[in-house]
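Participant: Handing you a structure now.
The values are calculated or read from the model by the stated rules, or taken from the named source; none is laboratory data. On a predicted model such as this, the values are computed, not experimentally measured, just so you know. Note: ideal-geometry Cβ built from the backbone for every residue, glycine included; neighbour counts use all protein chains shown. Calculation scope for accessible area: heavy atoms of the full protein, side chains included, ligands and nucleic acids excluded. Shrake-Rupley method; radii C 1.70, N 1.55, O 1.52, S 1.80 Å.
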Amino acid sequence: MPESTTNGVITPEDLMREAIKVCREGLAAGQSPFGCAIAIDSNIISRSHNTVMASTDVTAHAEVNAIRAANQELRNVFLEGAIVATTCEPCPMCMSALHWARVDTVYYGATIADAEGAGFNELQLPASEVLRIGQSTLKLKGDMLREECSDLFQQWLAMPERKVY
């Protein structure tokens, strides 16, 4: 578990560091540069990286994997009160899944433009627009440890066997 503040609360920055850590684990396993961690009541209930290529499942994004693991851990489809840290701005699929899971707040680092710049086939629909159009009450906060998260794409681009999708 990441370090907590003196009052035992895991900060969003702590949770993002956990997402970065699991992303690096994914990179070491030959996966793409996306990581996610979910906490409820200062307890990390799941953390996952993207496994699209390993699972041959185009929906196996880090956020979806982390939601699935959290649902199993809690034996509940809803993650009310959860905070989520994801290394990149959620794509429309992931943003929708996070909304449907009823998480409270999503923090992200890198942007959809960063992912596109690394060669990923991104839809040019910002996560904030998905929430606005869908009239979601989920809170979205960007630029969390942005430089560290953006650097994950550079690490991935340096991998000779990388595969984009």
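Participant: Which cross-chain or sequence-distant (5 or more) residues have an amide H under 5 Å from the amide H of Gly35, H modelled 1.01 Å from N in plane?
Facilitator: Thr87, Cys88
Participant: Return, for the Cα atoms of region 11-60, the radius of gyration and Dmax in Å, separated by a comma.
Facilitator: 11.4, 34
Participant: Could you give me the ³J(HN,Hα) list for region 133-147, computed from phi with Karplus coefficients 6.51, -1.76, 1.60 and θ = phi - 60°, whole Hz, x at Gly and Pro?
Facilitator: Listing the rounded values in order: 4, x, 6, 7, 9, 4, 8, 10, 10, x, 6, 7, 6, 4, 4 Hz.
Participant: Quick check: net charge around Ile38, other residues with Cβ under 11 Å of its Cβ, Lys/Arg +1 and Asp/Glu -1?
Facilitator: -2
Participant: Could you work out how far apart the two model spin labels at Tyr165 and Ala113 are, taking each label as a point 7 Å from the Cα in the direction of the beta carbon, and quote it in nm?
Facilitator: Going from the Tyr165 label point to the Ala113 one covers 2.6 nm.
Participant: Please identify which residues in region 68-91 have an amide N closer than 12 Å to a label point set 7 Å out from the Cα of Arg102, following the Cα→Cβ vector.
Facilitator: Correct set: 76-82.
Participant: To two decimal places, what compactness ratio does region 37-91 give when its Cα radius of gyration is scaled by 2.2 N^0.38 Å?
Facilitator: Here the Cα radius of gyration is 1.10 times the empirical estimate.
Participant: Could you order Glu63, Glu80, Glu129 so the one with the most accessible surface comes first? Probe is 1.4 Å.
Facilitator: Glu80, Glu129, Glu63
Participant: Okay, next question. For the pair Gln72 and Asp151, what calculated FRET efficiency results from E = 1/(1 + (r/R0)^6), where r is the Cβ-Cβ distance and R0 = 25 Å, to the nearest 0.05?
Facilitator: 0.20
Participant: Something else: On a 0 to 90° scale, report how tilted helix 12-28 is relative to the longest principal axis of the chain, with both axes built from alpha carbons and the result rounded to the nearest 10.
Facilitator: Roughly 30 degrees, rounded to the nearest 10.
Participant: Just to be sure I understand the model, the point goes 7 Å from the Cα along the line to the Cβ. What's the resulting Leu125 to Lys21 distance in nm?
Facilitator: Taking the two extended label points, one gets 3.4 nm.
Participant: Using a 1.4 Å probe and counting only protein heavy atoms, arrange Asp114, Asp151 so the residue with the most accessible area comes first.
Facilitator: From most exposed to least exposed: Asp151, Asp114.
Participant: Using amide H atoms built in the peptide plane, which far-off residues or other-chain residues are under 5 Å from Leu140 H to H?
Facilitator: Answer set, sorted by chain and number: Val106.
Participant: How large are Rg and Dmax for the chain when calculated on the C-alpha trace, in angstrom?
Facilitator: Final numbers for Rg and Dmax: 14.6, 44 Å.
Participant: Then there's this: Percent of accessible area on the chain owned by carbon and sulfur, 1.4 Å probe?
Facilitator: 49 percent
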